[in-house]
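What follows draws every value from the coordinates through simple rules; no lab data is involved. This is a predicted model, so every value here is computed, not measured. Cβ coordinates were reconstructed from backbone atoms using ideal geometry, including for glycine residues, and neighbour counts include every protein chain displayed.
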Amino acid sequence: MSISNAMQTGVSGLLANSTAIGSISDNIANANTHGYRRTFAQMVTSSSEDFNVTGTNNVHAFTVLDMSEGSRAISSGSATDLAITGEGFFVVSRIPNDPNVANYVLTRAGSFLPDANGDLVNAAGYYLAGHAYGADGTLGSVDQSSFTDLTTVNVSANLSPGSATSDMTIGGNLPSQEAGVATPGDPFTSSAEFYSPLGQADRIQFSWQPTSTASSWDLTISDSSGNGYGTVTVGFNDSGPNAGSPAVYSNVTSTAVAPAAFAFDVATGAATLTIDNGASPQVVTVGLGAPGAFDGMTQFAGDYTSLDVTVNGSASGNLVGTEIDGNGNIFGVFDNSSRVPLFSIPLANVANPVGLAPSNGNTFEFTRASGTAQLSAAGTSSTGTITAGVLESSNVEIAQELTDLIRVQRAYSSNAKIITTVDEMLDETTRLKR
Amino acid sequence: MGISSAFVNSSSGLSAAARWSELTANNIANANNQGYAKRGLTTESAASGGVLITGVHREIDSSLIRMYRLELAGMARQETIATELNNYSYQLGNPNDTFTISGQLSGLYSGFGLLSNSPGDASLQNNVLKSAQGLASSLNAASNALAQTLSSVTKGIESDVGTVNGSLEKIASLNNQIAQESNPTARRAILQDERASEIDALAQLMNINVSQDNNGNMNISTGGGTQLIDGMSFFEVQYDSVGGSLSVGNAEITPGKDGVRGFSEGQLAGRFELKGEVLPQMQLQLDDFARALIQGFEAADASLGAGQAGLFTDLGANYDPLQFNGLAGRISVNAAVDPAQGGEIWRIRDGIGATVQGSASDSTQAIGFLTVFETAQNFDPAAGQGDTAELMDYVSGMVAGQKLVQVHAQEKQGQLGGKVAAVLSARQSAQGVNLDEELQRLTQIEQSYAANAQVMQSLIAMIDTLLASV
């Protein structure tokens, strides 16, 4: 340890503290930047062992990212403003549908709005990437460990092509007091909507005719113009623990004219209709409820309730709006009141988020230290959930920055004092010789 | 996290209070709006601090709404019956009034009584003629009033069916619009208000079952279970004016018909009840009474030849069973006794078929005519007044019975009206705006706003202290 070392240490202190003040000024400047992550200077000793002198400890400042979550600011209500609660980053690219996976970066800034082409872009000009849903309403197999399957999220797709119905289940109650009377009344008729492969809405009619036998009904299934597919007699349990549920399906009769067809599985209570509406007919399975189960048709005393129909497929329609759920699925709302998933916004996780390098436009770039990204849907495994209509604020705490500022300023002056003191001491030393 | 987060939190508190005050102001502004369901704000605490507004909800009680619609349909049916019969009921008058059917009939009876004592008195003969003409014309008037009621009921059915279809179309399209507004927004609440009023209007026309599916659609079927609205599709109600039946697609829903899955209450059901049962029954009673009059005086008149019309005629002709329908509208006094139509007034004493004037003191025929009133006549039991009765009894029974239909409907309307009012007031207090509550809430909002603002002020002071020490 010597005077010259002391000078050197003082200089290192000045340098380190000026780095620290740089971080603080960054933080205060970006206190209101959405999705900003504060940095701070971590002071580290560095001893010079070259001179074989012990006890020399210079200081060095490393800038470290603070990845703790920012607080929320309630946005002005734009439905495409997104905030992540929990871990994870949005994957964005500078140009829409960038084919080069190396150009994708991460961000927490979710102030997305559609641009002229309907692509969602944030205030910094980065386009949001997601996985597109197929026409069948599923994502299919997407590569979760690379960005190759990502496309830019676009909300301008103005026509949903629709998809064909393959499954339908119906539920409802038949009034038990109507069956088993000497002259049963008219049938109870309801119809249910299904969708052709061209996305056209059509209807299947269900006509429940009470019979003069108690708890026995004749079901006739026909198309919208009244052409029958077939009939089946449905007997309901009138006692026991399953009273009210279907007991037995019998007398299956097909009245369909080829190429239309009708089949019925008495064990599961499912009718299979072959609908003649194209070169290759559409096949729809209609579940009425298995014998002994209460998930389909029931027969209790009371009113006839209109059928509660669950049907897959969708009609074609025009897009009127979008909705985003907590799992990052963007649903298109169409004018036929159907909701179709358009995109899934995956969140990216890296092994070491602190190792990411902050870059232009609130983004973070991958570094060797950060590790590679792993995509997963929001709300699954360790990733956070997405809230629409909300923005995440920066994680800068002004009070903390100001107190740091005081501390750093004092440290800087102290280091400067060391230098002037050492300078004076050296001056004393040089004045020893006249 | 600290002061910065505290800033964000209290600003979220401020904006929630502002939003809340907006809703409260809207509630107060709509306090007198019948179809308005009061709005509430749903908020949740955000995971990382602050308060999050998740939506606007309508405060409704669905069981009260269901009860209200059911009672409303019942009342509307009785109200329709009472209102439509009002005019006819005035026409019938009270059993003791002079210029009503029963008054004229008793006038005729006493006229013949007097005539039998002094058969030669021309003024008494004239009196009988006047009473007979009065009876015929009041029967004609009653029959006309009934026909007018029928035509008004038929027109009412046609216009009601149009209203039902308009309503169904509107509800289906509102279903569609509401499904597109999936989040509980203020706009969605307005659309739901509109849909609820529209369904209330439909419930007044017919009793309906309303169920909500998981897309928020209101699916509607008739009380008997015939589907009217499924999501955004609606099924038009068709009225067959020839057959007098209502149907939806292939399913018949005519009210009052056995075995069909229609409806039994509501304005439309009331009109069908009038058209199908009440009015035809009343017409039958009138016609049957007219027939008894014509036939009674034909039988009591010894001077008549075969096929000759008696004192009362079917537009000048004798009674023809094939021409029974609408007889009450056509009954008239034989022109042979009316001097104004070239007849001779003495035929009242001597019989309608008499060719020469008889002795002025001969009261045989006048006494014969009196027997029409004093012996029981045969009536059609289908008219609901028994198979034999004296004319006076029949008429007073008929008038009282017919008036009773209206009075009964009015009474029931009053009873159900009380129920409707009770349920409505319960519904209003559940979903309507309570000004006291809203004003109380306003104070709460004021406090919450002030508290949040105070937090902010303190935060600013804290930062200022820090800045002063840098």
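When a footprinting reagent is the concern and you count Cβ atoms within 10 Å, what order do A:R410, B:R66, B:R347 take, fewest first? Before the final figure, lay out each step's value.
Working: A:R410 11, B:R66 15, B:R347 24.
Least crowded to most crowded, the residues run A:R410, B:R66, B:R347.
For chain A, what does -39500 (n - 2.57) per DSSP helix run (n ≥ 4), summed and divided by total residues, give at 222 nm, in deg cm²/dmol to the nearest 500? Display every interim value, and only then the final one.
Numbers: 2 runs with 60 residues, N = 434.
Value at 222 nm, helices only, nearest 500: -5000 deg cm²/dmol.
Could you work out, residue by residue across B:255-262, how many beta carbons of other chains sit within 10 Å of that residue's beta carbon, and then give the average as an integer? Don't skip to the end; give the middle numbers.
Details: counts 0, 0, 2, 3, 7, 2, 7, 1.
The per-residue average across the peptide is 3.
What share of the DSSP beta bridges in the protein assembly as shown is antiparallel, in percent to the nearest 5?
The answer is about 95 percent antiparallel.
Amide H neighbours of B:D338 under 5 Å, at least 5 residues apart or on other chains, H built in the peptide plane: list them.
Placed amide hydrogens put B:G343, B:E344 under 5 Å from B:D338.
From the residues A:G371, A:T310, A:S111, which one has its Cα farthest along the dipole of chain A in the positive direction, the dipole being from +1 and -1 charges on Cβ of Lys/Arg and Asp/Glu about the Cα centre?
A:G371
Ordered by packing density, taken as the mean number of other Cβ atoms within 10 Å over each peptide's residues, highest first, how do A:82-93, B:207-218 rank?
A:82-93, B:207-218
Give me the percent relative contact order of the range A:272-420, please, defined on Cα pairs under 8 angstrom at least 6 residues apart.
13
Using only alpha carbon positions, build the gyration tensor of the range A:72-222, then give the equivalent ellipsoid semi-axes as the square roots of 5 times its eigenvalues, largest first, whole angstrom.
Numbers: eigenvalues 557, 63, 41 Å².
Each semi-axis is the square root of five times an eigenvalue, giving 53, 18, 14 Å.
Just going by the charge dipole of chain B, with Lys and Arg at +1 and Asp and Glu at -1 on Cβ, which of B:T80, B:L315, B:S167 is farthest out on the positive end?
The one lying farthest along the dipole's positive direction is B:S167.
Over 19 Å apart: what share of the alpha carbon pairs of the range B:91-223 falls there, rounded to a whole percent?
Tail of P(r) above 19 Å: 67 percent of Cα pairs.
Rank the residues A:E323, A:E392, A:E193 as a footprinting-exposure proxy: fewest other Cβ atoms within 10 Å of their Cβ go first.
A:E323, A:E193, A:E392
For the range A:318-363, what is the per residue volume of the convex hull drawn over the alpha-carbon atoms, in cubic angstrom? Working shown, then result.
Values: hull volume 4.5 nm³, N = 46.
It is 97 Å³ per residue.
Given a cut-off of 30 Å, what percent of all Cα-Cα pairs of the range B:68-418 lie beyond it?
Distances greater than 30 Å cover 50 percent of the Cα pairs.
Checking a compactness column here: for chain A, what do you get for Rg(Cα) / (2.2 N^0.38 Å), N being the number of residues?
Details: Rg = 35.2 Å, N = 434, 2.2 N^0.38 = 22.1 Å.
Cα Rg divided by the expected 2.2 N^0.38 Å: 1.59.
Could you state the principal axis extents of the C-alpha atoms in the range B:358-470, from the largest down, to the nearest angstrom?
Sorted from largest, the Cα extents of the range B:358-470 read 139, 31, 15 Å.
With no solvent and one point on each alpha carbon, what is the Debye value of log10 I(q)/I(0) for the range A:167-311 at q = 0.10 Å⁻¹?
Result of the Debye calculation: -0.32.
Per residue of the range A:342-351, in order, report the coupling 6.51 cos²θ - 1.76 cosθ + 1.60 (Karplus, θ = phi - 60°) as ³J(HN,Hα) in whole Hz, putting x for Gly and Pro.
9, 9, 10, 8, x, 9, 9, 10, 10, 4
Could you line up B:I101, B:I463 from fewest to most neighbouring Cβ atoms inside 10 Å? Spell out each step's value before the answer.
Working: B:I101 25, B:I463 16.
Arranged by neighbour count, lowest to highest, B:I101, B:I463 become B:I463, B:I101.
For the range A:112-173, go through all pairs of different Cα atoms, get the mean of 1/r, take its inverse, and jot down that Kirkwood value in Å.
Evaluated on the range A:112-173, it is 14.4 Å.
Mind grabbing the base-10 log of I(q)/I(0) for the protein assembly as shown at q = 0.06, 0.07, 0.09 Å⁻¹? Debye formula, identical points on the C-alpha positions, no solvent, two decimal places.
Computed log10 I(q)/I(0) values: -0.68, -0.82, -1.07.
Which net charge results when you count Lys and Arg as +1 and Asp and Glu as -1 among the other residues whose beta-carbon is under 14 Å from that of B:S143?
-1
Provide, for the range B:68-418, the number of lysine pairs with alpha carbons under 27 Å apart, each pair being eight or more places apart or on different chains.
12
Provide Rg over Rh for the range A:382-434; use the alpha carbon set for both Rg and the Kirkwood Rh (inverse mean inverse pair distance).
Using only Cα positions, Rg/Rh for the range A:382-434 is 1.53.
Counting Lys +1, Arg +1, Asp -1, Glu -1, what net charge surrounds B:F112 among other residues with beta carbon under 15 Å of its beta carbon?
-3
Excluding A:T169 itself, what net charge comes from residues whose Cβ is under 12 Å from its Cβ, given Lys and Arg +1 and Asp and Glu -1?
Its environment carries a net charge of -3.
Explain nothing, just compute: Karplus ³J(HN,Hα) = 6.51 cos²θ - 1.76 cosθ + 1.60, θ = phi - 60°, for every residue of the range B:263-269 in order, whole Hz, x for Gly and Pro.
8, 10, 10, x, 4, 5, 5
Over the Cα atoms of the range A:189-255, what is the Rg over Rh ratio if Rh follows Kirkwood?
Over the Cα atoms of the range A:189-255, Rg/Rh equals 1.08.
Ignoring everything except DSSP H segments at least 4 long, calculate the 222 nm mean residue ellipticity for chain B; use -39,500 (n - 2.57) per segment, divide by total residues, nearest 500. List each step's numbers first, then the result.
On the way: 12 runs with 278 residues, N = 470.
Helices in chain B give a 222 nm mean residue ellipticity of -21000 deg cm²/dmol.
Going by a ≥ b ≥ c, the root eigenvalues of the Cα gyration tensor, does the range B:1-143 fall in the rounded group (a/c under 1.5), the prolate group (a/b larger than b/c) or the oblate group?
Prolate shape, in that a/c is at least 1.5 and a/b is the bigger ratio.
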